[in-house]
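Q: Encoded as structure tokens, here's the structure I'll be asking about.
Since every read-out is calculated from the coordinates, none of them should be taken as a lab result. Model, not experiment: these values are computed from the prediction. Don't worry about glycine lacking a Cβ; one is built from the backbone with ideal geometry, like all the others, and counts go over all protein chains shown.
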Amino acid sequence: TPLSESVIVGAALGSALTGMRPVAEIMFMDFITIGMDQLINQAAKIHYMYGGEACVPMVLRTPEGSGTGAAAQHSQSLEGLLCHIPGLKVVMPSSPYDALGLLKSSIRDNNPVVFVEHKLLYSRKGIVPEEEYLVPLGKSEVKREGTDLTLVALSVMVPRALKAADKLAQEGISIEIIDPRTLVPLDSEAIINSVKKTHRLLIVHEACKRGGFGAEILSQIEESDAFDYLDVPIRRLAGSNIPIPYSPGLEKGAVPQEDDILKTARKLVE
């Protein structure tokens with residue numbers, strides 16, 4: 001079969017409209033752009049335009065992110081672009097347990113879901129029960145409880161944040177780590193409640209800082225009653241506003257690493 005992203009998305013859309021629940025894959029998130037007409041103008045709009053009479057229960061899996069030496073055209077993180085589109089749901093798991101549970105929930109959902117998988121997480125190991133279970137969309141998870149700083153981490157930044165939190169704990173700094181797991185819908189209530197407790201917020205993601213989803217999280221907190229609890233301004237730690245370099249050293253420097261999280265967290269709790 002030809003490698004045509006527009007055909008892949010279009011075929012999934014057509015299958016969903018005829019009663020199936022297709023799970024399609026775009027091999028690199030960069031090339032989801034080729035299927036944008038089918039995804040944004042068709043799949044995301046049909047339920048609304050048909051007055052709720054038609055549903056599009058399709059899942060579009062796609063790997064994203066840097067760290068494999070794949071350079072600028074095979075390493076992008078485009079979740080922020082997709083979150084802007086009404087009618088799409090966007091999922092970003094960080095563990096094997098969440099990946100399976102969220103995927104099953106996505107398949108059962110009657111809306112188009114973009115299921116974003118960071119390439120560096122494919123080798124991550126974790127316990128996955130044999131019995132049936134689901135992880136609901138729109139429900140975040142507190143990966144680590146803390147009292148000094150709320151750290152919201154997306155996807156591959158979750159394990160990096162957990163490692164940083166272990167080191168900060170030895171310095172007497174208590175970090176609460178929240179993994180949203182789904183960006184649309186976003187469990188903003190969990191973040192709000194955490195910020196009210198810690199009085200500080202750091203948001204970490206790999207995607208470019210400009211227009212990244214961290215800005216949406218920041219805005220929702222600033223517009224909530226949690227804003228009055230903040231002791232310091234909210235900080236975003238994100239990728240540089242450049243294409244991902246091919247050079248290993250430059251590639252690593254273009255996105256947040258564990259050391260960057262350590263430095264930023266320390267500064268926030270000074």
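Q: What residues qualify as long-range amide H neighbours of residue 178, i.e. H under 5 Å apart, gap of 5 or more or another chain, H built at 1.01 Å from N?
A: So residue 178 has HN proximity to 143, 151, 152, 153.
Q: Please list, in chain and number order, the residues 5+ apart from residue 201 or on another chain whose amide H is under 5 Å from its amide H, with Hs placed from the backbone.
A: Close amide H contacts, sequence-distant or interchain: 150, 235.
Q: Through the Karplus equation 6.51 cos²θ - 1.76 cosθ + 1.60, θ set to phi - 60°, convert the phi angles of the range 97-108 into ³J(HN,Hα) values in whole Hz; use x for Gly and Pro.
A: Result, rounded to whole Hz: 4, 5, 4, 5, x, 6, 5, 5, 5, 5, 5, 7.
Q: Oh, and also: Using alpha carbons only, how many angstrom separate the centre of the range 143-186 from the centre of the range 17-67?
A: 30
Q: Trypsin sites (Lys or Arg not before Pro) within the range 31-138: which are DSSP loop residues with at most 11 other Cβ atoms inside 10 Å? Don't skip to the answer; put the middle values down first.
A: On the way: sites: 45, 61, 89, 104, 108, 119, 124, 125; in loops: 45, 124, 125.
Hits after loop and neighbour filter: 125.
Q: Give the long-range amide H neighbours of residue 118: residues separated by 5 or more places, or on another chain, with amide H under 5 Å away, using H modelled in the peptide plane at 1.01 Å from N.
A: Here 64 satisfy the definition.
Q: If you don't mind, there's one more thing I want to ask. Only Cα pairs within less than 10 Å get springs; with that Gaussian network setup on the chain, which residue of 47, 118, 205 has the largest fluctuation?
A: 47
Q: The range 182-269: which trypsin sites (Lys or Arg not before Pro) are DSSP loop and have at most 11 other beta-carbon atoms within 10 angstrom? Could you put the intermediate results ahead of the total?
A: Working: sites: 196, 197, 200, 209, 210, 235, 236, 252, 263, 266, 267; in loops: 200, 209, 210.
Here the sparse-neighbourhood loop sites are 210.
Q: Same structure again: How much length, in nm to one decimal, is gained on full extension between residue 25 and residue 270, taken as 0.36 nm per residue of separation minus their Cα-Cα distance? It would help to have the intermediate numbers written out before the result.
A: Values: separation 245, 0.36 × 245 = 88.20 nm, distance 4.49 nm.
Gain in length upon complete extension: 83.7 nm.
Q: Turning to a different aspect of this structure: Within the range 18-81, which GluC sites (Glu not before Pro) sit in a loop by DSSP and count at most 14 neighbouring Cβ atoms inside 10 Å? Walk me through the numbers on the way to the answer.
A: Numbers: sites: 25, 53, 64, 79; in loops: 53.
Sparse-neighbourhood loop GluC sites (Glu not before Pro): 53.
Q: What ³J(HN,Hα) values, in whole Hz, does the Karplus curve 6.51 cos²θ - 1.76 cosθ + 1.60 give for the range 65-80 when θ = phi - 60°, with x put for Gly and Pro?
A: Those phi angles translate into x, 9, x, 10, x, 8, 6, 5, 9, 9, 9, 6, 10, 10, 4, x Hz.
Q: Let me ask another. In straight Cα distance, which lysines are under 24 Å from residue 89, not counting same-chain residues fewer than 8 positions off?
A: The qualifying lysines are 45, 104, 119, 139, 143, 209.
Q: When Cα extents along the principal axes in Å is calculated directly from the model, which label among (i) 54, 44, 32; (ii) 57, 43, 38; (iii) 94, 29, 27 fits?
A: Of the listed options (i) 54, 44, 32; (ii) 57, 43, 38; (iii) 94, 29, 27, (ii) comes from this structure.
Q: Once you've got the GNM for the chain with C-alpha springs shorter than 10 Å, pick whichever of 29, 49, 20 has the biggest mean-square fluctuation.
A: Between 29, 49, 20, it is 49 that shows the largest mean-square fluctuation.
Q: With the chain treated as a Gaussian network of Cα nodes joined by springs under 10 Å, which of 182, 150, 33 yields the largest mean-square fluctuation?
A: In this elastic network of the chain, the residue with the biggest mean-square fluctuation among 182, 150, 33 is 33.
Q: Under a point spin-label approximation (7 Å from Cα along Cα-to-Cβ), what is the residue 252-residue 147 distance to one decimal in nm?
A: 3.6
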